[in-house]
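One structure is given below, encoded as structure tokens.
The values are calculated or read from the model by the stated rules, or taken from the named source; none is laboratory data. Quantities reported herein were computed from a predicted structural model and do not represent experimental measurements. Note: ideal-geometry Cβ built from the backbone for every residue, glycine included; neighbour counts use all protein chains shown. Note: areas computed on protein heavy atoms with side chains; ligands, DNA, RNA excluded. Shrake-Rupley method; radii C 1.70, N 1.55, O 1.52, S 1.80 Å.
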Amino acid sequence: AKLVCRRAQCASEEVAPPVQQCFMVPKKEINVVSDMAKWKRSQAYADYMGFILTLNEGVRGKKLTCEYKVSEPIEKLVALLNTLDRWIDETPPVDQPSRFGNKAFRTWYAKLDQEAEKLVSAVIPKHLADAAPEVAVYLKESVGNSTRIDYGTGHEAAFAAFLCCLCKIGVLRVDDQMAIVFKVFNRYLEVMRKLQKTYRMEPAGSQGVWGLDDFQFLPFIWGSSQLIDHPSLEPRHFVDEKVVNENHKDFMFLECILFITEMKTGPFAEHSNQLWNISAVPSWSKVNQGLIRMYKAECLEKFPVIQHFKFGSLLPIQPVTS
């Protein structure tokens with residue numbers, strides 16, 4: 001891979017001496033099942049998981065509608081997602097015999113593929129321009145697969161990796177935590193739901209009724225954290241339609257439940273068995289801990305998901321340096 005060397009500002013608030021940073025276009029490193037050990041020991045895994053858990057703490061007990069700081073890069077990321085949304089409107093589904101996997105998705109994706117670097121360049125400052133090709137790869141990987149016209153937790157992970165990279169180059173900062181989840185990631189979810197609906201995307205590597213959800217995982221983790229120590233809402237309440245309808249605008253978890261009930265027919269216990277089981281867990285903090293364990297086991301430690309993950313200078317395959 002071609003290395004682009006430049007000096008990147010340190011991500012801390014104080015002006016630290018700039019570090020020499022060589023950006024590169026990320027590439028696949030996990031090619032066989034035995035490579036999974038390399039992934040679990042990697043700096044990328046440690047940094048990715050650290051990022052997820054930092055945000056998990058950052059949104060704990062907070063509503064989507066609460067007050068939080070919105071920085072300029074956050075606004076620019078929302079604008080980027082609004083552009084992707086507008087492109088869906090400009091690319092209506094085509095008439096085709098098969099109900100699923102509408103081929104218009106490929107047209108939409110081709111536009112993103114072409115424009116991704118430019119979109120990312122609009123979010124990052126001029127002195128970090130060389131980072132754009134590396135960071136843009138994660139954006140392109142985060143919207144589904146254009147060959148199979150499917151979407152799953154591996155694509156969602158690429159979006160989290162995209163945000164993690166923006167933190168690592170100092171575009172996003174510690175005090176952006178709540179806005180990263182509530183403004184950027186939440187907008188990303190809206191756009192992904194629109195893609196899934198419009199182009200009837202297939203679930204990627206879904207475990208069907210035994211998986212948590214056909215498409216997402218992270219909003220259940222962060223969404224359960226939001227509900228920790230809630231005075232009245234308990235896990236048993238999220239299977240109650242009335243509770244969901246009254247509270248979904250405040251809580252990501254309930255927003256996910258609402259989308260599932262819109263997309264699926266029949267008894268909740270049958271189409272979403274895992275979530276039904278989770279509704280029996282006594283507290284949200286237990287749900288949150290359990291989902292983090294499940295995320296590692298069902299997503300991050302599964303070869304079919306991780307084989308597609310790409311590694312570069314910001315999320316390196318090299319083992320953690322202790």
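Residues of region 63-72 being open to solvent by 30 Å² or more (accessible area, probe 1.4 Å) and either touching a residue at least 40 places away in the same chain (Cβ under 8 Å) or of a type in the set (S, T, N, Q) (or both), which ones? Those that are open to solvent by 30 Å² or more (accessible area, probe 1.4 Å) and either touching a residue at least 40 places away in the same chain (Cβ under 8 Å) or of a type in the set (S, T, N, Q) (or both): Lys63, Thr65, Cys66, Tyr68, Lys69, Val70.
Screening region 231-247 for residues that are assigned to a helix (DSSP H, G or I) and open to solvent by 70 Å² or more (accessible area, probe 1.4 Å) and picking the one that is farthest from Ile221 (Cα to Cα) gives Lys242.
Restricting region 198-213 to residues that are at pLDDT 95 or above and among the hydroxyl-bearing types (Ser, Thr, Tyr) leaves a set whose member that is surrounded by the most Cβ atoms within 10 Å (Cβ to Cβ) is Tyr199.
Working only within region 130-157, note down all residues that are open to solvent by 10 Å² or more (accessible area, probe 1.4 Å) and in contact (Cβ under 8 Å) with a residue 12 or more places away in the chain. Asp130, Pro133, Val137, Lys140, Glu141, Asn145, Ser146, Arg148, Asp150, Thr153, Gly154, His155, listed by residue number. Cβ separations smaller than 6 Å between residues 6+ apart or across chains give no pair from region 227-238 residues that are in contact (Cβ under 8 Å) with a residue 24 or more places away in the chain and among the hydroxyl-bearing types (Ser, Thr, Tyr) to residues that are open to solvent by 70 Å² or more (accessible area, probe 1.4 Å) and not in a helix (DSSP H, G or I). For Ala122, the requirement of being crowded, with 21+ Cβ neighbours inside 10 Å, among the aliphatic types (A, V, I, L, M) and over 21 Å from Asp89 (Cα atoms) is not met. Scan region 152-206 for residues that are polar (S, T, N, Q), outside any loop (DSSP other than H, G, I, E, B) and farther than 20 Å from Ala136 by Cα and the total you get is 3.
Determine whether region 135-151 contains at least one residue that is within 27 Å of Tyr295 (Cβ to Cβ), in a loop (DSSP other than H, G, I, E, B), at pLDDT below 95 and not polar (S, T, N, Q). No, that holds for no residue. For beta carbons closer than 6 Å, sequence separation of 6+ or different chains, a first residue in region 304-315 that is touching a residue at least 40 places away in the same chain (Cβ under 8 Å) and a second that is among the β-branched types (Val, Ile, Thr), the qualifying pairs are Ile306/Ile30; Gln307/Ile30; Lys310/Val137; Phe311/Ile317.
The set of residues in region 168-197 being farther than 16 Å from Thr153 by Cα, open to solvent by less than 30 Å² (accessible area, probe 1.4 Å) and not aromatic (Phe, Trp, Tyr) consists of Ile169, Gly170, Val171, Leu172, Asp176, Ala179, Ile180, Val181, Val184. Looking at this structure, is Lys168 of a type outside the set (Ser, Thr, Tyr), in contact (Cβ under 8 Å) with a residue 24 or more places away in the chain and at negative phi? Yes; evaluated as a whole, the condition is true for this residue. Exactly one residue among Arg106, Arg173, Arg60, Arg99 is in contact (Cβ under 8 Å) with a residue 40 or more places away in the chain, touching a Ser or Thr at 6+ places or on another chain (Cβ under 6 Å), over 30 Å from Ser232 (Cβ atoms) and among the basic types (Lys, Arg), and that residue is Arg106.
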